[in-house]
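First comes the structure, then the notes that go with it.
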Amino acid sequence: MRDAKISGAELVERTDLAAALAGLREGKVAALLLELPEALSARRRDPALELGVFLGARQSLVCAVRPGDSQLMGELDHYLQTVRSTPSWATILTRAFGPDVLDELSRARLGD
């Protein structure tokens with residue numbers, strides 16, 4: 001949140017996303033700062049939700065494997081690299097996050 005450099009606003013950290021989204025719909029919350037996957041999922045459930053600017057540094061999600069399992073890590077890396085280079089990747093994203101996800105990802109510069 002420091003990276004967002006928001007001044008003049010009351011910042012409250014909420015751990016219950018559903019309650020925070022309800023507060024937004026009810027006008028009790030002016031804005032939410034969400035991780036991209038949560039924002040995309042929330043928008044899919046509520047198409048009226050408008051995603052605004054993307055704040056902070058570009059980041060990626062990670063997968064974890066058991067410590068020392070380099071074979072599994074290599075296989076997972078290879079699989080993800082392979083699937084991301086096929087049309088299936090767009091299909092997976094669209095099914096998970098809705099039809100507008102590719103536009104949102106391009107805005108976030110995470111689609112590549």
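The values are calculated or read from the model by the stated rules, or taken from the named source; none is laboratory data. Quantities reported herein were computed from a predicted structural model and do not represent experimental measurements. Every residue, glycine as well, gets a Cβ built from its backbone with ideal geometry; the counts of neighbours run over all protein chains shown.
What to note about this one:
- Test: GLY27 is out of contact with any strand residue (DSSP E or B) (no Cβ under 6 Å at 6 or more places or on another chain) and modelled with pLDDT under 90: yes
- Pair list, Cβ under 8 Å, 6 or more apart: segment 60-73 residue under 19 Å from GLU38 (Cβ atoms) and free of Cβ contacts under 8 Å to residues at least 60 places away in the same chain, other residue assigned to a loop (DSSP other than H, G, I, E, B) and not charged (D, E, K, R): SER60/LEU110
- Test for SER41: is it modelled with pLDDT under 85 and not in a loop (DSSP other than H, G, I, E, B): no
- Extreme residue, modelled with the lowest pLDDT, among residues of segment 60-82 that are in contact with a helix residue (DSSP H, G or I) (Cβ under 8 Å, 6 or more places away or on another chain) and either among the basic types (Lys, Arg) or within 18 Å of PHE97 (Cβ to Cβ) (or both): LEU61
- Against the numbered list (1) in a loop (DSSP other than H, G, I, E, B); (2) surrounded by 13 or more Cβ atoms within 10 Å (Cβ to Cβ); (3) within 11 Å of the chain's Cα centre (by Cα), VAL65 comes up short only at (3).
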